[in-house]
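Worksheet for the structure shown next.
The values are calculated or read from the model by the stated rules, or taken from the named source; none is laboratory data. It should be emphasised that the depicted structure is a prediction, and the values quoted were computed from it without experimental measurement. Note that each Cβ is placed from the backbone with ideal geometry, even for glycine, and that neighbours are counted across all protein chains shown. Side chains are part of the model used for accessible areas, which takes the heavy atoms of the whole protein and leaves out ligands, DNA and RNA. Shrake-Rupley method; radii C 1.70, N 1.55, O 1.52, S 1.80 Å.
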Amino acid sequence: QVQLVESGGGLVQAGDSLRLSCAASGHNFGSYTMGWFRQAPGKDREFVAAIDWAGVDANYGHSVKGRFIISRDDAKKLVFLQMMSLEPKDTAIYYCAAKLLGLPTAGSGQYRYWGQGTQVTVSS
């Protein structure tokens, strides 16, 4: 089992960058494939990015590809989401998620563990 806590959200202007962090506690963090999802008011949860348990393979949602980068530091049990060229449409609550092993897939139902989320607001 793993517990997840996100941090790093805030209010930024369009064009700015922001880095989110997800701190994990529990055992065998290196065995978990990690993902980031987001949910804007009135919208469904959207896949943002995922990185596999080995840190080798990453996957990105279409709307963030080329602007966001996911990475992980297994020694510190951290996952990061570096967000660049932020746009107002990126405004949402961002959630960190984890699943045991497996590919960095986009389906939220495949992730068993979730954090509480961190708010990102991008003003125009």
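Observations
- Bridgeable aspartates and glutamates around residue 89 (alpha carbons under 17 Å apart, same-chain partners fewer than 8 residues away excluded): 16, 44, 46.
- Nearby lysines by direct alpha-carbon distance to residue 99 (threshold 23 angstrom, same-chain neighbours under 8 apart not counted): 65, 76, 77
- The residues packed around residue 53, meaning those with a beta-carbon under 14 Å from its beta-carbon, carry a net charge of 0 if Lys and Arg are +1 and Asp and Glu are -1.
- Using a Förster distance of 22 Å, the FRET efficiency for residue 16-residue 76 (Cβ separation, nearest 0.05): 0.30
- Alpha-carbon gyration tensor eigenvalues x 5, square-rooted, for the chain, Å: 23, 14, 13
- Descending Cα extents along the principal axes, segment 33-80, whole Å: 37, 20, 15
- In this structure the chain gives 51 Å² per residue of accessible area when probed at 1.4 Å with all protein chains present.
- Beta bridge orientation in the chain: antiparallel %, DSSP, nearest 5: 90 percent
- For the residues 79, 12, 48, a GNM of the chain with alpha-carbon springs under 10 Å puts the largest fluctuation on 12.
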